[in-house]
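This report concerns only the one structure given below.
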Amino acid sequence: MGKDSFSDVALNYSNQKWEKSVSRENQIYRKLDDIRSDFARDYTRILHCNAYRRLKHKTQVFFATQNDHICTRIEHVNHVSSVSQTISQYLGLNTELTSAIAIGHDLGHAPFGHAGETVIKKIAQEHINDSFWHERNSLRFIDEIETLPDSNGRDTNMNLTYAVRDGIVSHCGEVDESGLFPREEKVDLLDINKPNQFPPFTWEACVVKVSDKVAYLGRDIEDAIRIGILTYSELKKLKLISGAPLKEINNTIIMHDFIVDLCSSSSPTNGICFSEKHFELINNIKKFNYETIYFHQRLENYKKYVDLVIRSIFDSLKFCHDGTNTPTVVKSHARFYPKFSEYFFAWLNKYSNVSTARGENSRLNNKIIYDLNDNIQYYQAIIDFITAMSDQFAIKIYNELTSF
């Protein structure tokens with residue numbers, strides 16, 4: 001236990017999992033003067049994709065459009081990156097892999113945070129008879145939705161490594177007190193059908209999984225204090241949880257204590273773990289947050305508004321379906337709903353089987369993922385379109401739909 005205690009199991013060239021971890025769906029093009037590793041290339045691909053950019057206007061917990069100091073989804077992703085970088089560097093793990101997983105772990109997250117995810121989950125159950133959970137949706141986005149220009153300037157899917165894709169789809173779920181260990185076998189990630197079904201494939205992904213919890217608990221408390229949700233008596237209770245007062249209630253102190261404890265307690269034998277005291281503390285803080293913050297009455301009107309916005313957009317697009325003629329129907333609404341029509345038409349043109357923008361000289365070289373003859377696939381297209389939206393864009397579309 002201690003510094004560099006995981007160096008022998010870090011994902012590097014000598015690790016038996018290396019070849020499986022750096023594998024990609026397609027051979028990646030190489031630049032003769034490229035100095036980056038496979039995971040560093042994945043990091044920059046994620047950094048430059050549109051889904052990452054939109055995270056700055058997506059809710060983390062509290063709707064942030066009127067307050068620049070409330071945490072947004074992109075800040076959370078960077079917090080997770082910072083925590084996982086610190087832990088993996090101290091333990092002797094591959095920091096390039098943890099960084100790539102961390103900044104990509106919430107790509108494609110629904111607008112309006114978990115309130116938006118809840119609405120989309122219900123829509124998916126009602127219309128496509130499928131479950132929706134944001135880790136799998138993130139995998140869908142990095143595999144099929146997000147594109148970058150290739151060496152010929154054509155929009156091409158990102159084609160990330162197996163280890164990064166695995167870390168992203170495996171990042172959520174609880175952390176057991178007995179320690180988190182990576183699985184040995186390489187599984188088809190598309191066969192994962194529920195959250196936390198498998199542990200991650202690498203130690204680095206295990207670190208990101210734990211860092212996600214460390215990063216959000218303290219920051220959510222800070223934001224709740226800033227907007228006045230927590231009362232004095234609740235703050236007093238928070239200081240006394242787990243029988244040991246916290247030195248101070250702020251994100252820096254909370255993250256520091258958990259990072260140091262995790263680094264001191266973890267080993268290849270024990271797994272990535274906290275001490276018994278800090279494991280109890282993190283569970284008590286999480287319980288406190290759920291009881292006093294996440295289901296606070298002040299958030300109820302916000303949740304109703306989110307439901308109204310997302311369902312209005314979905315229902316409006318749902319009635320545009322007319323098989324392969326759907327893009328024409330969508331375009332016919334441009335007179336009254338110009339943004340609504342323009343952007344969804346472009347979405348179908350890029351990803352559906354009736355694209356008119358393909359050919360030898362086309363800029364599109366991405367996967368076709370929707371058959372518009374199938375209404376289920378069409379509903380999936382709407383769900384993907386909505387989950388790609390930032391909060392601001394979803395509101396803009398909703399206002400356009402309700403204006404005369």
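Considering region 357-386 alone, what residues qualify as being free of Cβ contacts under 8 Å to residues at least 12 places away in the same chain and over 25 Å from the mean Cα position of the chain (by Cα)? A357, R358, G359, E360, N361, D374 - these are the residues of region 357-386 that are free of Cβ contacts under 8 Å to residues at least 12 places away in the same chain and over 25 Å from the mean Cα position of the chain (by Cα). Of all residues in region 295-348, exactly one satisfies the criterion of being hydroxyl-bearing (S, T, Y) and either in the same structural domain as A224 (by TED's automatic domain parsing) or in contact with an Asp or Glu (Cβ under 6 Å, 6 or more places away or on another chain) (or both), namely Y337. It is to be established whether one or more residues within region 54-74 are in a loop (DSSP other than H, G, I, E, B), over 18 Å from I221 (Cβ atoms) and touching a residue at least 40 places away in the same chain (Cβ under 8 Å). Taking every residue of region 54-74 in turn, at least one turns out to be in a loop (DSSP other than H, G, I, E, B), over 18 Å from I221 (Cβ atoms) and touching a residue at least 40 places away in the same chain (Cβ under 8 Å).
Entry remark, region 1-44: residues being within 25 Å of E117 (Cβ to Cβ) and either touching a strand residue (DSSP E or B) at 6+ places or on another chain (Cβ under 6 Å) or assigned to a loop (DSSP other than H, G, I, E, B) (or both) number 0 in total. I'd like the residue in region 320-349 that is buried (at least 16 other Cβ atoms within 10 Å of the Cβ), within 26 Å of the chain's Cα centre (by Cα) and modelled with pLDDT under 95 and, out of all such residues, is nearest to N365 (Cα to Cα). Checked region 320-349; the qualifying residue nearest to N365 (Cα to Cα) is N349.
Here T118 meets each of (1) under 30 Å from S362 (Cβ atoms); (2) surrounded by fewer than 21 Cβ atoms within 10 Å (Cβ to Cβ); (3) hydroxyl-bearing (S, T, Y) with one exception, condition (1). Considering only region 82-97, I want to know if a residue exists there that is part of a helix (DSSP H, G or I), within 14 Å of the chain's Cα centre (by Cα) and either at pLDDT 95 or above or buried (at least 23 other Cβ atoms within 10 Å of the Cβ) (or both). No, there is no match, as no residue in region 82-97 is part of a helix (DSSP H, G or I), within 14 Å of the chain's Cα centre (by Cα) and either at pLDDT 95 or above or buried (at least 23 other Cβ atoms within 10 Å of the Cβ) (or both). Within region 1-50, being over 25 Å from L262 (Cβ atoms), in contact with a helix residue (DSSP H, G or I) (Cβ under 9 Å, 6 or more places away or on another chain) and among the acidic types (D, E) holds for E25, D34, D38. For T59, the requirement of being farther than 18 Å from S211 by Cβ and crowded, with 22+ Cβ neighbours inside 10 Å is met.
Would you confirm, using the coordinates I've provided, whether E222 is in a helix (DSSP H, G or I) and touching a strand residue (DSSP E or B) at 6+ places or on another chain (Cβ under 9 Å)? Judged against the criteria, E222 is not a match.
Of the residues that make up region 230-240, is at least one touching a Lys or Arg at 6+ places or on another chain (Cβ under 8 Å), in contact (Cβ under 8 Å) with a residue 24 or more places away in the chain and either in the same structural domain as H79 (by TED's automatic domain parsing) or at positive phi (or both)? So far as region 230-240 goes, no, none of its residues is touching a Lys or Arg at 6+ places or on another chain (Cβ under 8 Å), in contact (Cβ under 8 Å) with a residue 24 or more places away in the chain and either in the same structural domain as H79 (by TED's automatic domain parsing) or at positive phi (or both). Being modelled with pLDDT under 95, closer than 25 Å to T72 by Cβ and surrounded by fewer than 19 Cβ atoms within 10 Å (Cβ to Cβ) is a description that does not apply to G179. Scanning region 284-307 for residues that are in contact (Cβ under 8 Å) with a residue 60 or more places away in the chain and exposed (fewer than 13 other Cβ atoms within 10 Å of the Cβ) yields a single hit, R298. Picking from I254, I259, I272, I313, which residue would you name as being hydrophobic (A, V, I, L, M, F, W, C) and at pLDDT below 90? Answer to the check: I254.
I need the full set of residues from region 248-283 which are in a loop (DSSP other than H, G, I, E, B), without any contact (Cβ under 8 Å) to a residue 12 or more places away in the chain and either hydrophobic (A, V, I, L, M, F, W, C) or within 22 Å of K237 (Cβ to Cβ) (or both), in order please. Selection gives E248 alone. Among helices (runs of 4 or more DSSP H) entirely within region 112-190, having at least 1 residues that are in the same structural domain as S266 (by TED's automatic domain parsing) and more than 25 Å from D34 (Cβ to Cβ) singles out 162-169.
Every listed requirement among (1) touching a Lys or Arg at 6+ places or on another chain (Cβ under 6 Å); (2) within 20 Å of T118 (Cβ to Cβ) is met by N251 save one, (2).
The values are calculated or read from the model by the stated rules, or taken from the named source; none is laboratory data. In this text the structure is predicted, and so the values were computed from the model without any measurement. Using ideal geometry, Cβ is built from the backbone for each residue, glycine included, and neighbour counts are taken over all protein chains shown.
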